[in-house]
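A short worksheet on the structure shown next.
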Amino acid sequence: YSSAPTFFFFIGKGNNGADGVAAARHCFVSGQSVKVFLLYPDDECSAELLKQINLARAYCLPLVEGVDEAVLRSHIGRHGNSSLVLIDAILGIGYQPPLQDSLSKIFAYINSLDLAVVSITILLFILFLSFINRPLLICF
């Protein structure tokens, strides 16, 4: 990267999302530039995720709520994608098909970009294989 990267965290509604918010908070506290995109309203989120969201709010992390493809396009467009790293904490072990249409559109848009995508679960590696044509870094 020509400059320090900005990390965009995409958060689902379960405990995988809670891990993503916790990771975003740690990055933020260490001085990294982060933005957290909450893909579900609070009333659909797990108890652990709500705890992590409340901690994130206490630390004044930049949270974006009500995210859809248009909101995402706007944020990425404003930022430019030269130094973005996308962190996927959307789906975890509790995922049950079918994939919601709104998530399909977000995944398709993300994977149309020439950006690094880090997925924090093996499930997304399998799911993304049907969308991508480039390497994907998987962290456990």
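A few notes on this one:
- Residue list for the range 85-118, filter: aliphatic (A, V, I, L, M) and either assigned to a helix (DSSP H, G or I) or more than 24 Å from G14 (Cα to Cα) (or both): L103, I106, A108, I110, L113, L115
- Looking at A58, A108, just one residue is at pLDDT below 95 and among the aliphatic types (A, V, I, L, M), and that residue is A108.
- When the range 15-65 is filtered for residues that are open to solvent by less than 30 Å² (accessible area, probe 1.4 Å), within 20 Å of S102 (Cα to Cα) and not in a loop (DSSP other than H, G, I, E, B), the ones remaining, listed by number, are N16, G17, G20, V36, F37, L38, V64.
- Meets criteria (at pLDDT 90 or above, of a type in the set (V, I, T) and under 14 Å from the mean Cα position of the chain (by Cα)) for V29: no
- Hey, C45 at pLDDT 95 or above and farther than 12 Å from V67 by Cβ or not: yes
- Test for I11: is it out of contact with any helix residue (DSSP H, G or I) (no Cβ under 7 Å at 6 or more places or on another chain) and hydrophobic (A, V, I, L, M, F, W, C): no
The values are calculated or read from the model by the stated rules, or taken from the named source; none is laboratory data. What you see is a predicted model, and the numbers here were worked out from it, not measured in a lab. Cβ sites come from the backbone with ideal geometry, for glycine too, and all protein chains shown count toward neighbours. We work out accessible area using only protein heavy atoms, side chains counted, and drop any ligands, DNA or RNA first. Shrake-Rupley method; radii C 1.70, N 1.55, O 1.52, S 1.80 Å.
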